[in-house]
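Since every read-out is calculated from the coordinates, none of them should be taken as a lab result. For clarity, every value in this text was computed on a predicted model and none was experimentally measured.
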Amino acid sequence: MKTFEELEVWKLARSLTNRVYHLTGASSFSHDYGLCNQIQRASVSIMSNIAEGYERGGNREFSQFLAIAKGSCGEVRCQLYVAVDQGYMNKKEADYLLDQHKKLSIMLYKLMEHLKRSPYKGHKYKPAAPDPKIAEFDALLEKIVNQGKEKR
């Protein structure tokens, strides 16, 4: 994967964020500004942390950001229960979103586990390209050493 936009976990987070925004735009929900704002922010946090962690370039940092995203996923689920309890959404829509957020949470966990086991540590840990001047110096040094051996 070259970009976070290619990650299935990010695509699902984006789709669910769009659903949350659609849901919170409904008149029955939008009058509860505190809950509306909080669930939107938590939902955006999921996809944002996936993206930010990926862009950091290292598996450890990526895993940390995925853990934050997973926490925000739980927060959204909790807030969905509040929305149902307050009558802001119907049970069918809530059940769908709850199931999808559980799926997303599992995907985040599995990705974190994969990163822990992976020998690849991220693109920021790739060795730097060799400096041509150092290679030139090494060749010259080896030539000098070999000439010294020939004289013996």
_Degrees between helix 59-85 axis and first principal axis of the chain (Cα, 0 to 90, nearest 10)_ = 0 degrees
*Calculated from DSSP H runs of 4 or more alone, at -39500 (n - 2.57) each and per residue, what is the 222 nm mean residue ellipticity of the chain, nearest 500?*
-27000 deg cm²/dmol
*In the calculated pair distance distribution of segment 26-99, what percentage of Cα-Cα distances lie above 20 Å?*
37 percent
*Would you mind giving the average projected area, over all directions, of the Cα convex hull of segment 1-65 in nm² with one decimal?*
4.5 nm²
_Considering just Cα atoms, how many Å³ per residue does the convex hull of the chain enclose?_
122 Å³
